[in-house]
Amino acid sequence: MALETEIKLRIEDPDAIRARLLDLGFEEVQPRTFEDNLLFDSPNGAFASRGRVLRLREVGDRTVLTFKGPATGDARFKNREELEVEVADAGALREILGRLGLVVTYRYQKFRTELARLDLHACIDETPIGLFVELEGAPDAIEEAAAALGHGPEDFINVSYRELHLERARSRGEDDPGDLVFEE
């Protein structure tokens, strides 16, 4: 079982964060790339009701299917089981999932730049609801990198982009904000 531990931080300037991460010993492993993500569930929401996610991510010429289990552990961090497999044909997989009775329940997009060093993975995400850096690794490495970026535990975000999108909509008096996608 692969367990991911991560947080998000709101940021203002992705270029400044990228430069600071490079100063901290990170190397860019993926330049800024567009991602399109589809969340699948049963029509009655059985996965979501148990804190599970089935995501199909198309990024560049790669397609990755990800299963995420329910969140566990330290509330400061998002800790959950994560299993991923790269697939050769996104269209065929979407068709298979549909024939199994699964439906797309949410779509979200972002531009992502990925950086890494031995103990930590960092992603700079540009989304329709703002700019974030995601730090994934051991809790002490996350806390150290966050502090070096000028953030403390009070700044840690441990929810998904979908949850952030819903929170933002509710604060504006909206019930259902729809998908989190860039305007054409």
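Nothing in this text is a laboratory measurement; each read-out follows from the coordinates by a stated rule. Everything quoted here is computed from the prediction, not taken from an experiment. Counting neighbours? That spans all protein chains shown, and the Cβs are built from the backbone with ideal geometry, glycine included.
Quick notes on this one:
- Cα long-axis angle, helix 90-99 against the chain (0 to 90 degrees, to the nearest 10): 50
- Peptides 136-147, 10-21, 172-183 ranked from most to least packed, by the mean per-residue count of other Cβ atoms within 10 Å: 136-147, 10-21, 172-183.
- Calculated from the structure at hand, Rg and Dmax of the Cα atoms in Å is found among (1) 16.5, 48; (2) 22.3, 72; (3) 28.7, 110 as (1).
- Relative packing of 88-101, 33-46, which averages over residues the other C-beta atoms within 10 Å, highest first: 33-46, 88-101
- Backbone N under 17 Å from the residue 34 label point (7 Å along Cα→Cβ), restricted to the stretch 140-174: none
- Under the Karplus curve 6.51 cos²θ - 1.76 cosθ + 1.60, θ = phi - 60°, whole-Hz ³J(HN,Hα) for the stretch 134-149, x wherever Gly or Pro sits: 10, 10, 10, x, 6, x, 5, 5, 4, 4, 5, 5, 4, 4, 5, 8
- Put the Cα centre of the stretch 134-150 next to the Cα centre of the stretch 43-94 and the gap is 23 Å.
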